[in-house]
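Enquirer: Sharing a structure with you now.
The values are calculated or read from the model by the stated rules, or taken from the named source; none is laboratory data. Just so it is clear, the model here is predicted, and its values are computed rather than measured. FYI the Cβ positions are ideal-geometry reconstructions off the backbone, even for glycines, and counts take in every protein chain you see.
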Amino acid sequence: MRQIIAAIVLGLTITSVGAVDVDESTVLSTLDKAHPRLMLKDADLKRLKARCKSDPILQKCVADVIKSAKSCLKKPPLVHKKIGPRLLRVSRDCLRRTYCLALAWRWTGEKKYADKAVENLLAVCAFKDWNPSHFLDTAEMSHAVGVGYDWLYSHIDEATRKKIREGLIRNGLAVGVAAYKRYWWVKSSHNWNQVCNGGLVAGALAIADTDPKYARAIIPAAIKSLPRAIKTYGPDGAWSEGPGYWHYATRYTAYGLAAMETALGTDFGLSKITGLSEAGLFPVYTTGPTGMYLNFADSGTRARRGAMGCMFYLARKFKRPLVSDAEHDTIARRSATAEHVIWYVPPSGKKATLDLARLFRGPVPVALFRSGWDSDALFVGIKAGYNQVNHGHLDLGNFEMDALGVRWSRDLGSDNYNLPGYWDSRRDTSRRWKYYRLNSQSHSVPLINGENQSAAGRSSILKFEPARVVIDFTSAYKKASSRATRGLKLVCDRRCVLVQDEFELTGTKGAEITWAMTTDAKITIKNKTLAELTIDGKKLTARILSPAGAEFAVESAEQKPPQKSNKGVSRLLARVKDAKGSVRIAVLLAPGWKGFKPPAAMQLTPLAKW
Ligand SMILES: [Zn+2]
């Protein structure tokens, strides 16, 4: 309702994506001129303090923030030091320090926290630049300095305020206004969009009372740019760049929208874009029972779901207790952040009903299945989508699997972003695809004649049911096959996983097809069609069910520098030699459940009939 009123006041029109067109001359007409106006106003702080007296979880969150602030007190001021082409680590450090120090001061009133925060702000405002050639660095620093200035406003004198404003304008906002006219990220639909827009929005609104021309230029431009990225959450809340970048993109969606809501009383309809309301479910369902993510795209090595304050933002905004309750489970084990306090939602006290199968559609569809939600449960996730997605790997049909508390099939994750040609990905011969972790050779996907999937490959979900999914990834194998499909099914009462691939090979010469699974397990080949995998004393057997003549083999996934070493990682391969025409490869993965004997054979059904 507040948004509608603000829209009426501002004379705005709702566009097709749900956002509104904004007039530069009226965009600031609802500006709250008081400080602090960003993210957490004094009235909200007062409410939180009152609640904290009787809420031990909020007390824990605040204690975690104050503990972080105490550790920041000991750190020397920030210095302009790049790593490769990036200043990002410094910008992020400034942001983290600013939020925890400034919140610690607002909560306790202890001057030492505010003084230390100001010391950092003055240090970065004296930098020669905020590295605009890698604009994330500029945007995150604008955000940090904007929030710091706004929150500490009453603590600092006018001369210091002026210094901070000048630094924010020179290194952040003036560069930002110019960026909207020429930078590529303005039209991008991935994490850069939300980070650059969100950071600049926060910075511009912090000084919109004294220097309104920056917010007048930046807010309307951001409102035009943000829907390009936000709409890619649609329809189910998935994020094409994987769960790791889901967090980066969603955090900044939250910062940008929250800054507008608190300073201007409206997010201009951006939160109504289809998919954002569902986004909080994506990390919940893409986390396996081991705590590790379905690790696709450039997620880090063995990436786990960490504490994410934006989960509280989403839960609050879209009234999704399932999302905030999932976050409570995480912060019970990990430190909370300032954002958890800002957007705090108490536990619902209700038991959540979570599905055993979930499909996230959108540009990169992901299907997830489990036997239950306990820590030993079977979990398997598989991805489709396209290989040119930002941070993408050549991994259509890749699957990851947990059972008995360990991860059996894993995606190795990203390599070093500073490797030469890491971002050169357009063609099959591009340098990105020379790197093992990024190409098909390291993924749990089939290979024909040892070749990578096509860099331009696309895939789609043909069928999804509670225990099965079928993916068409023909376009990734079109050099050798007129049709390529992968099915994944939970069988034996959700205790085992069947992976079945079908190809229509076009060559007259026999091809070698390799089914593969990347694993940390020690692999023992029992016979040609049976392998036993062991991790931490837990067992899993893999059995080739089709075709006759296929044989298991093992290879090492270890690589030499400068690539990451993948130490101890192996590949279980099922090789089909001299394959022609229609070929079906089926492998049954059976965890060693207590008292369970996996079947030695199974009637297979063509994927077309799944
Ligand atoms: Zn990967």
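Enquirer: Of all residues in the range 387-407, which are of a type outside the set (G, A, S) and either more than 14 Å from the ligand (Cβ to nearest atom) or closer than 19 Å to A521 by Cβ (or both)?
Expert: Answer for the range 387-407, where residues must be of a type outside the set (G, A, S) and either more than 14 Å from the ligand (Cβ to nearest atom) or closer than 19 Å to A521 by Cβ (or both): Q388, N398, F399, E400, M401, D402, L404, V406, R407.
Enquirer: Quick test of your reading of the structure: L281 fulfils all but one of (1) within 18 Å of F369 (Cα to Cα); (2) in contact with a His (Cβ under 9 Å, 6 or more places away or on another chain); (3) surrounded by fewer than 23 Cβ atoms within 10 Å (Cβ to Cβ). Name the failing condition by number.
Expert: In the conditions (1) within 18 Å of F369 (Cα to Cα); (2) in contact with a His (Cβ under 9 Å, 6 or more places away or on another chain); (3) surrounded by fewer than 23 Cβ atoms within 10 Å (Cβ to Cβ), L281 misses (2) alone.
Enquirer: Taking the range 463-513 as the region of interest, how many residues are outside any loop (DSSP other than H, G, I, E, B), in contact with a Leu (Cβ under 9 Å, 6 or more places away or on another chain) and under 14 Å from I382 (Cα atoms)?
Expert: Final tally of qualifying residues: 18.
Enquirer: Starting from residues that are more than 22 Å from the chain's Cα centre (by Cα) and assigned to a strand (DSSP E or B), keep the ones in the range 434-462 and report whichever is farthest from the ligand (Cβ to nearest atom).
Expert: That would be L462.
Enquirer: Out of the range 1-53, which residues are within 13 Å of E261 (Cα to Cα) and modelled with pLDDT under 95?
Expert: M1, R2, Q3, I4, I5, A6, A7
Enquirer: Regarding the range 394-410, can at least one residue be identified that is under 15 Å from A476 (Cβ atoms), in contact (Cβ under 8 Å) with a residue 24 or more places away in the chain and out of contact with any strand residue (DSSP E or B) (no Cβ under 8 Å at 6 or more places or on another chain)?
Expert: For the range 394-410, residues under 15 Å from A476 (Cβ atoms), in contact (Cβ under 8 Å) with a residue 24 or more places away in the chain and out of contact with any strand residue (DSSP E or B) (no Cβ under 8 Å at 6 or more places or on another chain): present.
Enquirer: For P243, only one of the following conditions fails: (1) away from the ligand (no atom under 16 Å from the Cβ); (2) crowded, with 23+ Cβ neighbours inside 10 Å. What is its number?
Expert: (1)
Enquirer: For the range 284-327, which positions are of a type in the set (F, W, Y), in contact (Cβ under 8 Å) with a residue 40 or more places away in the chain and buried (at least 21 other Cβ atoms within 10 Å of the Cβ)?
Expert: The answer is Y285, Y293, F296, Y313.
Enquirer: Taking the range 63-100 on its own, how many of its residues are closer than 18 Å to G203 by Cβ and aliphatic (A, V, I, L, M)?
Expert: Within the range 63-100, residues that are closer than 18 Å to G203 by Cβ and aliphatic (A, V, I, L, M) number 5.
Enquirer: Scan (1) of a type in the set (K, R); (2) surrounded by fewer than 14 Cβ atoms within 10 Å (Cβ to Cβ); (3) touching a His at 6+ places or on another chain (Cβ under 8 Å) for the single condition R47 breaks and write down its number.
Expert: (3)
Enquirer: Determine if the range 156-175 includes at least one residue that is of a type in the set (G, A, S) and over 29 Å from W246 (Cα atoms).
Expert: Yes, the range 156-175 has at least one match.
Enquirer: Sticking with this one: Quick one: which of K116, K111 is surrounded by fewer than 17 Cβ atoms within 10 Å (Cβ to Cβ) and assigned by TED's automatic domain parsing to the domain that holds N171?
Expert: K111
Enquirer: May I pose another question? Among the residues of the range 408-424 satisfying the criterion of being more than 15 Å from G242 (Cβ to Cβ) and of a type in the set (S, T, Y), which is farthest from the ligand (Cβ to nearest atom)?
Expert: Here the answer is Y422.
Enquirer: Considering only the range 334-351, state which residues are among the small types (G, A, S) and surrounded by 14 or more Cβ atoms within 10 Å (Cβ to Cβ).
Expert: If the condition is that a residue be among the small types (G, A, S) and surrounded by 14 or more Cβ atoms within 10 Å (Cβ to Cβ), then S335, A336, A338, S348 are the ones that fit.
Enquirer: Take R427 and tell me if it is within 19 Å of the chain's Cα centre (by Cα), away from the ligand (no atom under 14 Å from the Cβ) and at pLDDT 95 or above.
Expert: No.
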